[in-house]
């Protein structure tokens, strides 16, 4: 997990440049590592890294990512616009901080302090729903990610005590977790106990290796590397500090 990102600025903040100029920033997909504990940030500083460019133009404007957008057009004479069909985007859940906070309050979770980072497990609707539900039920208390993915994304490794709100694919909060152990080990040294604590499949080490190797192959494709037999893995254990009520039958 990472600390809360920079707050969003209000529309119209700052001054506008005197001459018209337009920039197009493509939003490439960024897949969330299963249980990496790292928030997939939606602010422009972390996601498209254009804040400094906007400052050079004399602009301080919010870039609010709209789910499904494949580009953001920024003009010195107009506020950002987005393009893309939301229905075509399937690689990440749709959620908003306000909706997550409201749902947590309704569930009885104290949100008077800053909302923990929001994230999910896996890189598909099926994984996000399945693994998130395992966490909500208390059947999953461990997770793992490829170390190189953190390094490629320029993100700090999670630390003991970090918290994260886990959402399902529809964006509803399923649980709030807190990391209790973080260690980096070679893939082949992950043991059967850890695999069982992950709570996935039949709970065996063989299943864990097969499922995670498949995911790590996709991660390596994303970051431009080839997966060796024994890559470094970030293994994390966590406790559930809040679980959403069971869905109505």
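The values are calculated or read from the model by the stated rules, or taken from the named source; none is laboratory data. No experiment lies behind these values; they were computed from the predicted model shown. Because the Cβ atoms are built from the backbone with ideal geometry, glycine has one as well, and the counts that use them run over all protein chains shown.
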Checklist entry - So which residues in the range 137-156 are within 23 Å of residue 196 (Cβ to Cβ) and either out of contact with any strand residue (DSSP E or B) (no Cβ under 9 Å at 6 or more places or on another chain) or buried (at least 21 other Cβ atoms within 10 Å of the Cβ) (or both)? => result 139, 140, 142, 143, 144, 145, 146
Checklist entry - crowded, with 21+ Cβ neighbours inside 10 Å and closer than 13 Å to residue 165 by Cα, is that true of residue 105? => result no
Item to check | Number of the condition not met by residue 95 [criteria: (1) more than 15 Å from residue 167 (Cβ to Cβ); (2) modelled with pLDDT under 80] | outcome: (1)
Next on the checklist: Quick check on this structure: which one of 185, 160, 167 is within 21 Å of the chain's Cα centre (by Cα) and either surrounded by 18 or more Cβ atoms within 10 Å (Cβ to Cβ) or more than 26 Å from residue 116 (Cα to Cα) (or both)?
Outcome noted: 167
Checklist entry - Given the conditions (1) farther than 23 Å from residue 218 by Cα; (2) within 15 Å of the chain's Cα centre (by Cα); (3) modelled with pLDDT of 95 or more, and given that residue 144 satisfies all but one, which numbered condition is not satisfied? => result (1)
Checklist entry - Scanning the range 191-223 for residues that are outside any helix (DSSP H, G or I) and modelled with pLDDT under 95, which turns out surrounded by the fewest Cβ atoms within 10 Å (Cβ to Cβ)? => result 201
